[in-house]
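Enquirer: Let me give you the structure first, and then I'll get to my questions.
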Amino acid sequence: MRLLRLWPDESHFDFMRFRRFTFPLSALLSVATVVLFVTVGLNFGIDFKGGTLVELQAKSGKADVAAVRHTANSFGFGESEVQELGGEGQILVRFPLQAGEQGQTAVMNKAHAAFDADYDFRRTETVGPRVSGELVQSGTLGVVLSVVAVLLYLWFRFERELALGAIVGTLHDIVLTVGIFIITRIEFNMTSIAAILTIVGYSLNETVVVFDRTRELMRRYKTIPTVELLNLSINSTMSRTVMTSISTALSLLALVLFGGEAIKGFAVVMLCGVVICTYSAIFVSTPVLIYLGLMLSGVKRASESRGGVPQAAE
């Protein structure tokens, strides 16, 4: 019985020829992300900018999200965020941070006056500017330390050129993921940090699989040009890459469509991250080895493909 193959076993597709297009594209997107980060910034949620969070339960069992959003925005405290939770009739309302305790008290007074008749107040939380500032510092520190740990792992896991290629790919994926947050204006909160760290792990996994095969082929073949070697590495792992990416993307797509508003932002970013990481492992991390000067047996290998059949090491 023949197993399902999403990519031909004996494929010889030339992925490296696209590097002259993908490198400028990735560089342009990365620079644009940095510019947008400085000029536009992230859409920070209540975790990072403070505010009041209220969880409501509809007494009738069915919540009218649109009506609650319209009522909350009419209070005059700024734009409020309203989303459904997992339970039937449960919604979450986030009010912007107000100046002083009197401002926060005014928010809750108006909320009770408007919603007490139809909703029960299940939970109320207020995040002040001091707490939100501490969360920003802790979250940033956590991401930075995690990324540094991953980069150190890559440095010791591979030879110099392979390590640098993996580091470039990982940083590329982080930058573009942040760009997704900026462009879509998805709320950036503590859950978003979890999404970024998950994408870092996925990126690491994709890159390590390809580079492990590259290192294996480097030991097996002694005369094959670098471009041909890298194409062979990607083609030989492409079936696994396609199956992993598609299965992960389908799971995340189900969360986007049916998971509800509470996790929709997380799922959308993760779905985009899977696409970015797969693209990066094939068209960024691997081709960059050509420009880094991949070494084999102490001899600098040619970076331009030439004819001939690969010869295995004796």
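The values are calculated or read from the model by the stated rules, or taken from the named source; none is laboratory data. All values reported here derive from a predicted model rather than from experimental measurement. Every residue, glycine as well, gets a Cβ built from its backbone with ideal geometry; the counts of neighbours run over all protein chains shown. Please note that ligands, DNA and RNA were not included when accessible areas were found on the heavy atoms of the full protein model with its side chains. Shrake-Rupley method; radii C 1.70, N 1.55, O 1.52, S 1.80 Å.
Enquirer: So if I check each of Gln102, Gln137, which one is open to solvent by 70 Å² or more (accessible area, probe 1.4 Å), in the same structural domain as His70 (by the TED database), outside any loop (DSSP other than H, G, I, E, B) and of a type in the set (S, T, N, Q)?
Expert: Numbers: Gln137 fails: in the same structural domain as His70 (by the TED database).
Selected residue: Gln102, the only one of Gln102, Gln137 that is open to solvent by 70 Å² or more (accessible area, probe 1.4 Å), in the same structural domain as His70 (by the TED database), outside any loop (DSSP other than H, G, I, E, B) and of a type in the set (S, T, N, Q).
Enquirer: I would also like to ask the following. Name the single residue, out of those in the stretch 187-216 being open to solvent by 30 Å² or more (accessible area, probe 1.4 Å) and among the hydrophobic types (A, V, I, L, M, F, W, C), that is nearest to Thr39 (Cα to Cα).
Expert: Met190
Enquirer: Which numbered condition trips up Glu84, out of (1) open to solvent by 30 Å² or more (accessible area, probe 1.4 Å); (2) closer than 22 Å to Phe266 by Cα; (3) out of contact with any helix residue (DSSP H, G or I) (no Cβ under 8 Å at 6 or more places or on another chain)?
Expert: Going through (1) open to solvent by 30 Å² or more (accessible area, probe 1.4 Å); (2) closer than 22 Å to Phe266 by Cα; (3) out of contact with any helix residue (DSSP H, G or I) (no Cβ under 8 Å at 6 or more places or on another chain) one by one, Glu84 breaks only (3).
Enquirer: Which one is modelled with the lowest pLDDT, of the residues in the stretch 217-258 that are open to solvent by 30 Å² or more (accessible area, probe 1.4 Å) and within 23 Å of Ile290 (Cα to Cα)?
Expert: The qualifying residue modelled with the lowest pLDDT is Lys222.
Enquirer: Restricting to the stretch 30-54, count the residues that are at pLDDT 95 or above and under 23 Å from Phe115 (Cβ atoms).
Expert: 0
Enquirer: Within the stretch 123-131, identify whether any single residue is more than 30 Å from Leu176 (Cβ to Cβ), open to solvent by less than 20 Å² (accessible area, probe 1.4 Å), assigned to a strand (DSSP E or B) and not assigned by the TED database to the domain that holds Asn189, and answer yes or no.
Expert: There is no residue in the stretch 123-131 that is more than 30 Å from Leu176 (Cβ to Cβ), open to solvent by less than 20 Å² (accessible area, probe 1.4 Å), assigned to a strand (DSSP E or B) and not assigned by the TED database to the domain that holds Asn189.
Enquirer: Related question: Can you tell me how many residues in the stretch 198-249 are charged (D, E, K, R) and farther than 20 Å from Leu164 by Cβ? Steps first, please.
Expert: Pass one, the stretch 198-249, residues charged (D, E, K, R): 206, 212-213, 215-216, 219-220, 222, 228, 240.
So of that shortlist, the ones also farther than 20 Å from Leu164 by Cβ come out as 220, 222, 228, 240.
Qualifying residue count, the stretch 198-249: 4.
Enquirer: Test Thr198 against the criterion of being more than 19 Å from the chain's Cα centre (by Cα), within 23 Å of Phe158 (Cα to Cα) and either touching a residue at least 24 places away in the same chain (Cβ under 8 Å) or in the same structural domain as Gly139 (by the TED database) (or both), and give yes or no.
Expert: no
Enquirer: Can you say whether Thr248 is part of a helix (DSSP H, G or I) and touching a residue at least 40 places away in the same chain (Cβ under 8 Å), as far as the supplied structure shows?
Expert: Considered against the rule, which asks whether it is part of a helix (DSSP H, G or I) and touching a residue at least 40 places away in the same chain (Cβ under 8 Å), Thr248 comes out as yes.
Enquirer: Could you run through the stretch 31-72 and say how many residues are surrounded by 17 or more Cβ atoms within 10 Å (Cβ to Cβ) and assigned to a helix (DSSP H, G or I)?
Expert: 9
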